[in-house]
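Read through the structure below, which is laid out as structure tokens, and then see the notes.
The values are calculated or read from the model by the stated rules, or taken from the named source; none is laboratory data. Just so it is clear, the model here is predicted, and its values are computed rather than measured. With ideal geometry, Cβ positions are generated from the backbone for all residues, glycine too; neighbour counts draw on all protein chains shown.
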Amino acid sequence: MKLFQKIRRVGIVTEPLPEGGLDAITIVRPIDARARRLLGRSVGIRQVDAGSCNGCELEISGLAGPTYDLERFGLHFVASPRHADLLLVTGPVTRNMEVPLRKTYEATPDPKLVVAVGDCARDCGVFAGSYAVVGNVASVVPVDVVVSGCPPSPADILRAILVAIGRLDLPVASAPPAGVSPAGQADAL
Amino acid sequence: MTAAFALPLFWLMVAGYAIASAGLVMPTRRLVRMAVAIGSVAGGAGGLALACLVLWTDASLTIEAPAVLAAAGGWLVHLDRLGALFLALVSGVAIPVGLYAIAYMRSYEGRYSTRWMAFTFGAFLLSMSLVTVAANAVTFLLCWELMAVSSFFLVVTEHDRQASVDAGLWYLAMTHAGLLALMAAFFLLGSGSADGSGATFAALRSSAGLLPSETRAAIFLLALLGCGSKAGMVPFHVWLPRAHPAAPSHVSALMSAVMVKLGIYGLLRIGLDLLGGGPAWWGTLLIILGAASALTGVLYALVADDLKELLAYSTVENVGLVLLGVGAGFLFLSLGQPEAAMLALSAALLHLINHAAFKGALFLSAGSIVHATGTRDINLLGGLITRMPWTATTLLAGSMSIAALPPLNGFVSEWLLFQSFLPGVASSRASIAGLLTLGVGALALTGGLAAATFVKAFGVTCLAIPRSPGAAHAHESPGPMLAGMALLAAACPLLALATIPTLTTITGALAGVAGLPSIAPALHVGVTLRTPTGMATMSPVAVAMVLVAVVAGTWIVLRLIARRPVHVGDTWGCGRIGQSPRMEYTSTAFAEPLRRVFDQLYRPVDDTAVGVVRPESPYYIESMTYQTTIHPWFQRVLYEPVVQGVERVATWTRALQSGSVNAYVGYIVFVLVILLAWVIGF
Amino acid sequence: MFNTLGVVVEIAQALLALAVAPLLVGLIRWVKARLQNRRGAPVWQPYAELRKLFGKDTIVSSNASWIFRAAPFVVFGSTVVVALLVPVFVTPLPFNQVADLFALVYLLLLGTFALALGGLDPGSAFGGMGASREMTIASLSEPAIALAMLSLALGAGSTNLGEIAARTIAHPTDALSPGHILAFAALFIVMLAETGRLPVDNPATHLELTMIHEAMVLEYSGPALALVEWASWLKLTVFLTLAANLFVPWGLATSLAAGAIAMAVAATVAKLVVLAIGLAVFETRVAKLRLFRVPELLAVSFVLGLLAVTSSFSLR
Amino acid sequence: MDKLFSEVAVLGASGVLLCAILLVWRHHIDGYITAFKWQSNVLAALTAAVAYFGDDRDLYWVAALMVAVKGVAIPRLLTRLAARVGQHRESSPLVSTAASLVICGLLILLAYTAARPLQAMAAAPTHGGIPLAIGLMFVSLFVIVSSKKAISQVIGFLMLENAIALLAVLATYGVPLVVELGVFLDALMGFLVMQIVLYDIHDTFNTLDVDALSRLKH
């Protein structure tokens, strides 16, 4: 009974998604129209940690909480890439995570989207050039949308997902993110 | 007019099995196999035709040969409907098994004598058929013993394997204990008829009513021991999970599908037909033993890792289910509810026939798997559905039937068993209502656990990736084997669709036996089953039709609306690089949760050995072996003390056997003195 | 009087159950979200999920056989047949004669059996784990269901669902008899176990090691997944309808008159909404049990069933 | 009216029995105490119902007393006791929980079978609940036999007392108020004595595991 009293006292704590603030988000490539049509109202998200420091994970886990509540948009995390429509990839892709990331991508049925979360996922961030890193996410799997930030805020991540499925409008970016090749750099060093 | 066919058909049956036995003297191995196949198919066809003749017309068969074994009462054969039902069972299974044997016996050629195998196989089939037609004590016991001995030789076919020989010895010991009990039962039965009419069943039947109730009780208990040990009833089932796996698979199929049923036949013949039923405690005892058999059987089947042992334990389970029905029948008869008794006994016999179909199919499929992979260990199998599609399909059909899934036949008979208990639960006698309530619970638990067992038996054996090279290089079995398996597997849905005719035949066979109504009550309205008490209706045909229609309809609709491509990819394993069979769930792992739940019953002995790489730290582990064994309780509690006692007595008597003549003469003098003293004293 | 029209109504009510199932699940999720102080997905979210899944590609494991592909159809088909049996609005209908409560249990077992095989087929450890656990729970809940039904059947003198509902309609006070209430409690626990709800299985879990139902379907994708999910929602709907219409069948139409049916639709919907909200509140209140405490819960359910039967004996 | 009365009686008796089942299911001493508390309250409600249907003024008093003593006072004392000796868990029961539950089910069935003639003898509309009351006695005895902690044994004894009260209410519409009061007093005294003994056991052995009592032999 105490539990329900508390639930009543606290009330709904979900905040409306703040307007604007789309600068952190880049659309990397034109998004498949069929994917947008199909995934408008229901998206299964599979999160892949490709070598992240877990900063981004901390923010992502905020999405499922009552404050950001991604479920209200019809988004939900799923337990298997077979059930997923969208991969949320974080971190610079480390050597050990390259194959798993590719396998996850292959295991996701079409149509599917990939959102790269965080500076590391965009261009390897502070890990660029490390011998343990293969490259950014785009060098392993095709990426649709990138969110910058170290770490990006949950609201940004949420907006990026909504942009990816076409629920928020954003013009296609002119330039793709700098395609760094840390492996090559490592060789040069 | 039709009656005139009975005698030729009988001789056709005998001749067929004789041909099978004549494999003993065939010049080439090929001819041996052909003899077995032609003989058992012809004999089976003859027997089946004869049985149908007796079941469906008013024909009957009587052959008297008083000169044979005159001292013991002569040879007497008479086939009535109850016997014909079981004859149909023997013959019906003999045909597919005979076909199967053509190819299966090949794998024994060169290693073991197939000629001797052919001879004993023919004798086994013949003796089982003759048990059902025997009409006096001596004929019955003789055929019973012939059946036991011939099957013993088949069990020890692989006589160079210790396990087979052990299994054979257990079987021989148990079956002879049973035979002694049966002989005693017939002796007691015959003590009532003073006219020395040679203990024909007709004479025994008329005199049994005059016996004092203690004698009747003793006869019933002896028959229960004798027939129960043959049927694999707990606690006399210990031989079954040893002998059935040890025998060649076509013989296992016959033993499991047919021979154990003759134990039930004996029980019905003596307990119901000759004694005419008894007081309520007979039924109660049967229900308790039936529930114990069903639960013990299914619990040990669940944890068995040997495919054929699993099937053997599941036979114990199904015999338990049949006994539950038979027990309810006895109980209702004693309570003066013949209609309910009829329902219960019909349900039991329907399950018995259905079990013959699916257990036959399962054992033959298991044989096909052993033939192809060389192993019976489920933990070493897997992936057979792509390598042996037909065998996997028959195994699936058998598994679904035995798990009582609609629309197959096991479902129909288990449903009827449930229904047959309901009139008893509604009874006003508290003890009976309570007993049957628990019976319903036991039935339901058995059904659920059987489903789990057969998900394991089929799923781990046939699906996913093979776990050993043997399984990986498996090949489909030759045509004749597949034909045998397919016949029995096809019988599963067909028997479900033909429930009503089958049931009518069964009630026809039971009508008039003991106190059962002489005009069989209708258990159906059209194609819908309807219990006589009006408790429930169910139509197997309609359920099957609707189920197939809905599944097919869904498939068609989905083909129309969802036309997206299907890709083939790796199994999802959290991104790991490659998949190996070691990542799969094994048979032991599958049964682990239920094994933990029933821990107090299994009392497993677990053994974990850890190979540590560095002595200074226990966390660097090189290897880890986990071993678990289950020592069955009946073995521990009931048999080991007996075996130990026998051994102790044997050791003690060995001390007497000094080998010295002086000692032996001394014994004689000693005994003489004792005897003299006794004579003088009294 | 029932024949052609009856069959039409029968099929219509099964289709309606099928159509309503996602809404019911959506409602449960929405209430649960609200109780977690979240806004939550709209109640029609499950429809969007189904539509999406039916439009997606399928990926099948290279190890899988036809069993894997066939299993979703068997699961879905058997559940739909069960929905045909359950008195949703009108009782008794023609299909009532075709199968009874025991047949219903075995039809559900057919679905469980097929799904467990589908879980084992791709050879993944998760699938095997899910199959093993699901069969464990399914087999242990069997005796509890049987006894609960026995208690219902004893009251009605029949195991056909139509007769049981009709009996309670004819004798309204029976709904408060102890046998009825205890059987309801037993069946409620079994329902939690069979449909994979808390405290037996968490339908929202992402952790493979705690999964039961979800672990078996990890390999399914696209339309096959849609079928499996829809079947599990339908199973929940069927169980809730059974709970509503076998134990409190008030309002159920006994004829095909339009007015009676309209009443029945309203009554059933109201009962389902109440049950769904109750389930959501219950799920918010309890924590998931350890796997090896689930058999204890099912033992409680078995004892409740036994108590239900004993109580109905005692009243005779 | 009589039918309703007998249904209410059986329902109440089932409820009381159900609390006992709940107790067997729980692992924690807190759960035991809660189950006992609910059981006493259900019993009190049943007594009040019997008072209403049977038109027996005295029984209302009995019901009120039940709530006061067994529903409030004893559970409180028990909680204090458990807190003081630091007992939270019936750690390793002699029989596993699932097995205990099944055994309890069988005991109830047995009680039904055994008490059927007794039930037939009693003419009161409440007689349907008599087998359940006897079942509750069996279950309480089983709890006493199978528990290892002295405190759960005490709860078992209290439950047995409830069972006797239930039987009395159902069989004879409750014994006269005076006798009932005596029984109450008896139970309370017994409880207090047991409390003292429990403290002693705890002080002597530093545990409430009754196995430790076997050390007294040495």
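Taking B:Ile621, is it under 30 Å from C:Arg133 (Cβ atoms), more than 10 Å from chain C (Cβ to nearest Cβ) and surrounded by 11 or more Cβ atoms within 10 Å (Cβ to Cβ)? So B:Ile621 fits the description; yes. State the number of residues belonging to the range D:35-58 that are among the polar types (S, T, N, Q) and without any contact (Cβ under 8 Å) to a residue 40 or more places away in the chain. Total meeting the criteria: 1.
Checking the range B:472-489 against the condition returns no match, with no residue being part of a helix (DSSP H, G or I), in contact (Cβ under 8 Å) with a residue 60 or more places away in the chain, within 14 Å of chain C (Cβ to nearest Cβ) and buried (at least 24 other Cβ atoms within 10 Å of the Cβ). Looking across B:Thr588, B:Thr608, B:Thr554, one residue alone is in a strand (DSSP E or B) and outside the structural domain of B:Ser468 (by TED's automatic domain parsing). It is B:Thr608. The range D:62-164 holds helices (runs of 4 or more DSSP H) entirely within its bounds, and those carrying 2 or more residues that are more than 14 Å from chain B (Cβ to nearest Cβ) and surrounded by 22 or more Cβ atoms within 10 Å (Cβ to Cβ) map to D:74-85, D:130-146.
Take the conditions more than 18 Å from B:Pro8 (Cβ to Cβ) and within 23 Å of the chain's Cα centre (by Cα) and apply them to B:Val68. Does it pass?
Details: more than 18 Å from B:Pro8 (Cβ to Cβ): yes; within 23 Å of the chain's Cα centre (by Cα): no.
Against the criterion (more than 18 Å from B:Pro8 (Cβ to Cβ) and within 23 Å of the chain's Cα centre (by Cα)), B:Val68 does not qualify.
Search the range C:55-73 for residues being at the interface with chain A (Cβ under 7 Å from one of its Cβ atoms) and buried (at least 23 other Cβ atoms within 10 Å of the Cβ), and hand back the single one that is farthest from B:Gly383 (Cα to Cα). In this case the residue turns out to be C:Lys56.
If you filter the range B:332-388 down to residues that are hydroxyl-bearing (Ser, Thr, Tyr) and either surrounded by fewer than 24 Cβ atoms within 10 Å (Cβ to Cβ) or not assigned by TED's automatic domain parsing to the domain that holds B:Ala509 (or both), you find that the one that is nearest to B:Ala103 (Cα to Cα) is B:Thr375. Within the range B:421-460, being facing chain C (nearest Cβ under 9 Å), in contact with a helix residue (DSSP H, G or I) (Cβ under 7 Å, 6 or more places away or on another chain) and more than 21 Å from B:Tyr300 (Cβ to Cβ) holds for B:Phe421, B:Leu422, B:Val425, B:Ala426, B:Ala430, B:Ala433, B:Gly434, B:Thr437, B:Val440.
Put simply, of A:Arg159, A:Arg102 the only residue that is more than 14 Å from chain B (Cβ to nearest Cβ) and not in a strand (DSSP E or B) is A:Arg159. Among the residues of the range C:270-298, the one identified as free of Cβ contacts under 8 Å to residues at least 24 places away in the same chain, in contact with a helix residue (DSSP H, G or I) (Cβ under 8 Å, 6 or more places away or on another chain) and not charged (D, E, K, R) is C:Phe292. Where residues in the range C:30-54 are facing chain A (nearest Cβ under 7 Å) and touching a residue at least 60 places away in the same chain (Cβ under 8 Å), which of them is farthest from C:Ala125 (Cα to Cα)? Here the answer is C:Leu35. Taking the conditions (1) under 17 Å from the mean Cα position of the chain (by Cα); (2) over 16 Å from D:Met159 (Cα atoms) in turn, D:Leu78 satisfies each one other than (2). Filtering the range A:150-180 to residues that are surrounded by fewer than 18 Cβ atoms within 10 Å (Cβ to Cβ) and modelled with pLDDT of 90 or more leaves only A:Ser153.
Filter the range C:9-54 down to residues that are of a type in the set (A, V, I, L, M) and on the phi > 0 side of the Ramachandran plot, then give me how many there are.
Total meeting the criteria: 0.
For the range C:157-173, a residue qualifies if it is surrounded by fewer than 20 Cβ atoms within 10 Å (Cβ to Cβ) and within 11 Å of another protein chain (Cβ to nearest Cβ), and the qualifying residues are C:Gly157, C:His171, C:Thr173.
If you go through the range C:98-105 one residue at a time, do you hit one that is among the acidic types (Asp, Glu) and at the interface with chain B (Cβ under 7 Å from one of its Cβ atoms)? Yes, that holds for at least one residue. I'm checking my understanding of the structure. Among residues of the range A:1-54 that are part of a loop (DSSP other than H, G, I, E, B) and within 15 Å of A:Val147 (Cα to Cα), which one is farthest from the other protein chains (Cβ to nearest Cβ)? Among residues in the range A:1-54 that are part of a loop (DSSP other than H, G, I, E, B) and within 15 Å of A:Val147 (Cα to Cα), the one farthest from the other protein chains (Cβ to nearest Cβ) is A:Asp23. Test B:Gly448 against the criterion of being under 25 Å from B:Val550 (Cβ atoms) and free of Cβ contacts under 8 Å to residues at least 24 places away in the same chain, and give yes or no. Criteria met by B:Gly448.
Only one of these is in contact with a Leu (Cβ under 6 Å, 6 or more places away or on another chain) and either buried (at least 24 other Cβ atoms within 10 Å of the Cβ) or closer than 30 Å to A:Lys6 by Cβ (or both): C:Val238, C:Val217, C:Val286, C:Val274. Name it.
Checking each option against the conditions leaves just C:Val286.
Please find, within the range C:107-118, the residue that is surrounded by the fewest Cβ atoms within 10 Å (Cβ to Cβ) out of those that are more than 8 Å from chain B (Cβ to nearest Cβ) and in contact (Cβ under 8 Å) with a residue 60 or more places away in the chain.
C:Leu108
Quick one: is D:Ala20 touching a residue at least 60 places away in the same chain (Cβ under 8 Å) and within 23 Å of B:Gln600 (Cβ to Cβ)? Considered against the rule, which asks whether it is touching a residue at least 60 places away in the same chain (Cβ under 8 Å) and within 23 Å of B:Gln600 (Cβ to Cβ), D:Ala20 comes out as yes.
Does C:Thr268 satisfy the condition of being under 26 Å from C:Gly179 (Cα atoms), among the polar types (S, T, N, Q) and within 14 Å of another protein chain (Cβ to nearest Cβ)? Considered against the rule, which asks whether it is under 26 Å from C:Gly179 (Cα atoms), among the polar types (S, T, N, Q) and within 14 Å of another protein chain (Cβ to nearest Cβ), C:Thr268 comes out as no. Does B:Ala542 satisfy being of a type in the set (Gly, Ala, Ser), free of Cβ contacts under 8 Å to residues at least 24 places away in the same chain, surrounded by 18 or more Cβ atoms within 10 Å (Cβ to Cβ) and within 8 Å of chain C (Cβ to nearest Cβ)? Against the criterion (of a type in the set (Gly, Ala, Ser), free of Cβ contacts under 8 Å to residues at least 24 places away in the same chain, surrounded by 18 or more Cβ atoms within 10 Å (Cβ to Cβ) and within 8 Å of chain C (Cβ to nearest Cβ)), B:Ala542 qualifies. For the range C:181-211, a residue qualifies if it is among the β-branched types (Val, Ile, Thr), modelled with pLDDT under 90 and either farther than 23 Å from B:Pro593 by Cα or in a loop (DSSP other than H, G, I, E, B) (or both), and the qualifying residues are C:Ile181, C:Val200, C:Thr205. Restrict the check to the range B:502-523 and report whether at least one residue is surrounded by fewer than 21 Cβ atoms within 10 Å (Cβ to Cβ), of a type in the set (A, V, I, L, M) and not in a loop (DSSP other than H, G, I, E, B). Looking through the range B:502-523, none of the residues is surrounded by fewer than 21 Cβ atoms within 10 Å (Cβ to Cβ), of a type in the set (A, V, I, L, M) and not in a loop (DSSP other than H, G, I, E, B).
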